[in-house]
Amino acid sequence: PERITPLYYSYSLEGFSGLNQRLQLFLSLVFLLIYLTTVMGNATIIFLMCVDNRLQIPMYFFIGNLAFLEICFTSCTSIKLLVILSSGRRTISVSACFVQSYFYFALGCMEFILLVVMSFDRYLAICQPLHYAAIMTQQLCILLLVAAWVAGFTFMSYHLVLLSKLTFCGSNKIQHFFCDNSPLFQLSCSDTNLLWRIDSVLILFILLGSLCLTLSSYVCILFCILRMPSRRKKAFATCSSHLTSLAIVFGSCLDLYSHPLERVSLETNKLVALLNTVLYPFLNPFIYSLRNKLVVLVLKDAIAHTKAQLFPQSRCISGQQF
């Protein structure tokens, strides 16, 4: 079949087209609320990290960058999903589709690397507290962060190369709400077996490698806190919430990208993809920051300071009353 030139060709993201219009509109409102909460929550964390000296330490430095990454990652897919559900406009150009796919995987790769760095930081803080300040210097933190960004965008550039080798013809309907690799490979009319295996091996290498390194740090933390009875309850509560978050993102990604192409169910993939594109970014601010006593204290101080700046007269009146 004749290859269709991508510059003059567009796809149709079917998303959840099987649902009736009212239900799609309802879902668009739900996802809009989740998206706005995600952006506002992560933006609040970034703001607090920047303005308060108490949070300008390595742990919160990485949490702030994770918050920024979550805003970019969920915006990559959620904005188009909201447009599809609310207005029914499903068309996306090939170039925009490839760019969305690239940023989805690049930002995801960066997040996995950052999770490894954060778990290592927690290991040093809990298990090696006397050496923590000497090891986790500002220069090392910046170097690790830059390495994560460069590695994510560089390593995932192969994904664009694989997509450029695909031949598309016939139907232009993508049975998904964003340009994931499985619907694109299934839409292609060329032999995709070898390219799919290469793509799957590289994705699983990143997933399993980061998972093993992250779990290794948490196992070491677990054995360490077992020897600290006074802090055991608090440490277990913190680690359990972190591991729940990791189970969502790693579990959903392994389910999405560990199957052979012929066994991939796009209907199931759409539901599982909502876990790591909508639910996981939504939960992260609460798991990593808003349950932290210091972050809550800084947030309360910021709110009190804002009220004092906006309503100085009420502060004076209350002071006179006392």
Using the Cα atoms as the points, what is the convex hull volume per residue of region 64-108 in Å³?
58 Å³
Over the Cα atoms of region 163-212, what Rg and Dmax result, in angstrom?
12.6, 42
Ignoring ligands, DNA and RNA, what percent of the accessible area of region 43-199 is carbon or sulfur (1.4 Å)?
67 percent
What is the calculated FRET efficiency for Ile142 to Asn20, with r their C-beta to C-beta distance and R₀ = 41 Å, to the nearest 0.05?
0.20
Using amide H atoms built 1.01 Å from N in the peptide plane, name the residues 5+ places from Ile174, or on other chains, whose amide H lies under 5 Å from its own.
Ser12, Leu13, Glu14
Evaluate the Debye formula for the chain with equal point scatterers sitting on the alpha carbons, no solvent, and hand back log10 of I(q)/I(0) at q = 0.15 Å⁻¹, in q order, two decimals.
-1.24
Please compute the per residue accessible area over the chain with all protein chains in place, 1.4 Å probe, rounded to a whole number of Å².
52 Å²
Sequence-separation-based contact order of region 39-136, relative, with Cα cut under 8 Å and 6+ spacing, percent
28 percent
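Given a 1.4 Å probe and heavy atoms of the protein chains only, how would you sort Val99, Val296, largest accessible area at the top? Mind showing how you got there, number by number?
Values: Val99 75, Val296 50 Å².
The residues order as Val99, Val296, largest area first.
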Cβ under 11 Å from Lys80's Cβ, Lys80 left aside: what net charge do those residues give with Lys, Arg +1 and Asp, Glu -1?
+2
Got a sec to turn the phi values of region 137-145 into Karplus ³J(HN,Hα) couplings, 6.51 cos²θ - 1.76 cosθ + 1.60 with θ = phi - 60°, whole Hz, x for Gly and Pro?
7, 4, 5, 5, 4, 5, 4, 5, 5
With DNA, RNA and ligands ignored, accessible area of Leu25 (1.4 Å probe; Å², nearest 10):
90 Å²
How much net charge surrounds Gln186 when only the other residues with a Cβ under 14 Å from the Cβ of Gln186 are counted, with Lys and Arg +1 and Asp and Glu -1?
-3
Could you work out how far apart the two model spin labels at Arg197 and Val150 are, taking each label as a point 7 Å from the Cα in the direction of the beta carbon, and quote it in nm?
3.3 nm
I want the local charge near Thr277. Using Cβ-Cβ distances under 11 Å, sum +1 for each Lys or Arg and -1 for each Asp or Glu among the other residues.
0
Mind grabbing the accessible area of Arg291 for me, 1.4 Å probe, Å², rounded to tens?
140 Å²
Relative to 2.2 N^0.38 Å, what does the C-alpha radius of gyration of region 31-187 come to as a ratio? Two decimals please.
1.26
The chain: relative contact order as a whole-number percent, Cα under 8 Å and 6+ apart
25 percent
Taking just the alpha-carbon atoms of region 126-280, what radius of gyration and Dmax come out, in angstrom?
20.0, 65
Let me see the P(r) profile for region 20-67: every Cα-Cα distance counted, bins of 10 Å, each bin given as a percent of all pairs.
26, 33, 20, 14, 7, 0
Can you give the accessible area of Asp301, probe radius 1.4 Å, in Å² rounded to 10?
70 Å²
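The values are calculated or read from the model by the stated rules, or taken from the named source; none is laboratory data. Keep in mind that what you see is a predicted model, and the values were worked out from it rather than measured. No Cβ is skipped: glycine too gets one built from the backbone with ideal geometry, and neighbour counts run over all protein chains shown. In case anyone asks, the SASA skips ligands and DNA or RNA and just uses the protein heavy atoms, side chains included. Shrake-Rupley method; radii C 1.70, N 1.55, O 1.52, S 1.80 Å.
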